[in-house]
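**Q** Let me give you the structure first, and then I'll get to my questions.
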Amino acid sequence: MGRAVIFVLSFLCLLPAAFAQGPSRCLAIAEGLPNVVYISAVPAQAAAAHGDVTITYAGHSTYLIESPAGVRIATDYSGVYGHDPQPDVVTMNKAHRTHFTDTPDSGIAHVLRGWNPSGGPAKYALAVDDVYIRNVPTDIRSWGGELERDGNSIFIFETAGLCIGHLGHLHTRLNDAQYGAVGRLDVVMVPIDGGLTLSLPVLSEIITRLRSSIVLPMHRQSTPIDEFTNMMRDRFAIEARNGRSLTLSQKTLPRQPTIIILDGV
């Protein structure tokens, strides 16, 4: 048995039981490993759905994602952005209070913290109507500069055949196992603050390897947007939108990888 097959079998053994419910278009063993293998891993209702997905920039690191069935998701939810109308699902990350809240509204059906308050990594494999949500834990830096294990999660949302990822407050490079657990991302939301998360050159490496069709910047802070786009211009088209929202489907993904800058970023 080859090493790639052994790796795949080992990886499958680690997947939660919820992954066995249907085919995934997103989960794959990482690029760069021999004999790349795509894994069936998502509830059928999420994988088979069709229609448009709307993504709206709400502010800071919060994007609103609305599925064809009307499931509303707010990323890096602190309660400041994306609360009206109330989302069905919120994801959070631990790095700063601008990325989470201890007092989310009790009417929010699913509050997904990107860290495990009891210790160890957070683990999600959740189907909400036509959306399947999973996470890949990563480490964060504490205020003192030390690495804190599993304090951040990359959240992946699979709906309408699209694979949408939010990197959260990413502080570290991704290793091969993490790239494999993330899989393919058609759309990726990336922090471009230039230092509070990752430096722009390191972020550029990650974006290039993910090879997403659409890159949505966020968490810009004071970084000039041109500093980011000029670094990526030789590999990505650059498109600035007049509005805060983007509607897309599998059929409307751009042929050339594109960085789309929505109003407010």
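**Q** Working only within the stretch 113-129, note down all residues that are in a loop (DSSP other than H, G, I, E, B) and within 16 Å of the chain's Cα centre (by Cα).
**A** Gly114, Trp115, Ala122, Lys123, Tyr124
**Q** Of the residues that sit in the stretch 92-112 and are at pLDDT 95 or above and either charged (D, E, K, R) or outside any loop (DSSP other than H, G, I, E, B) (or both), which one is nearest to Arg72 (Cα to Cα)?
**A** His110
**Q** What helices (runs of 4 or more DSSP H) completely inside the stretch 175-265 contain at least 1 residues that are in contact (Cβ under 8 Å) with a residue 60 or more places away in the chain?
**A** So the answer is 176-182, 200-210.
**Q** Also, I was wondering about something else. Out of (1) at pLDDT 95 or above; (2) closer than 23 Å to Thr75 by Cα, the odd one out for Ile225 is which?
**A** Against the list (1) at pLDDT 95 or above; (2) closer than 23 Å to Thr75 by Cα, Ile225 comes up short only on (1).
**Q** Are any residues in the stretch 184-206 touching a Phe, Trp or Tyr at 6+ places or on another chain (Cβ under 8 Å) and more than 22 Å from Lys94 (Cα to Cα), and if so, which ones?
**A** Within the stretch 184-206, no residue meets the criteria.
**Q** I'd like to verify a number: residues in the stretch 70-85 that are crowded, with 24+ Cβ neighbours inside 10 Å and part of a strand (DSSP E or B), how many?
**A** Residues flagged as crowded, with 24+ Cβ neighbours inside 10 Å and part of a strand (DSSP E or B) within the stretch 70-85 amount to 2.
**Q** Among the numbered criteria (1) crowded, with 22+ Cβ neighbours inside 10 Å; (2) closer than 20 Å to Leu246 by Cβ; (3) not hydrophobic (A, V, I, L, M, F, W, C), which single criterion is violated by Gly151?
**A** (2)
**Q** Check His171 against each of (1) buried (at least 24 other Cβ atoms within 10 Å of the Cβ); (2) under 18 Å from His60 (Cβ atoms); (3) touching a Lys or Arg at 6+ places or on another chain (Cβ under 6 Å) and name the one condition it does not meet.
**A** Going through the list (1) buried (at least 24 other Cβ atoms within 10 Å of the Cβ); (2) under 18 Å from His60 (Cβ atoms); (3) touching a Lys or Arg at 6+ places or on another chain (Cβ under 6 Å), His171 breaks only (1).
**Q** Does Leu198 count as within 17 Å of the chain's Cα centre (by Cα), buried (at least 22 other Cβ atoms within 10 Å of the Cβ), under 23 Å from Tyr77 (Cβ atoms) and at pLDDT below 90?
**A** yes
The values are calculated or read from the model by the stated rules, or taken from the named source; none is laboratory data. Computed from a prediction, not measured in an experiment: that's the story for all the values here. Using ideal geometry, Cβ is built from the backbone for each residue, glycine included, and neighbour counts are taken over all protein chains shown.
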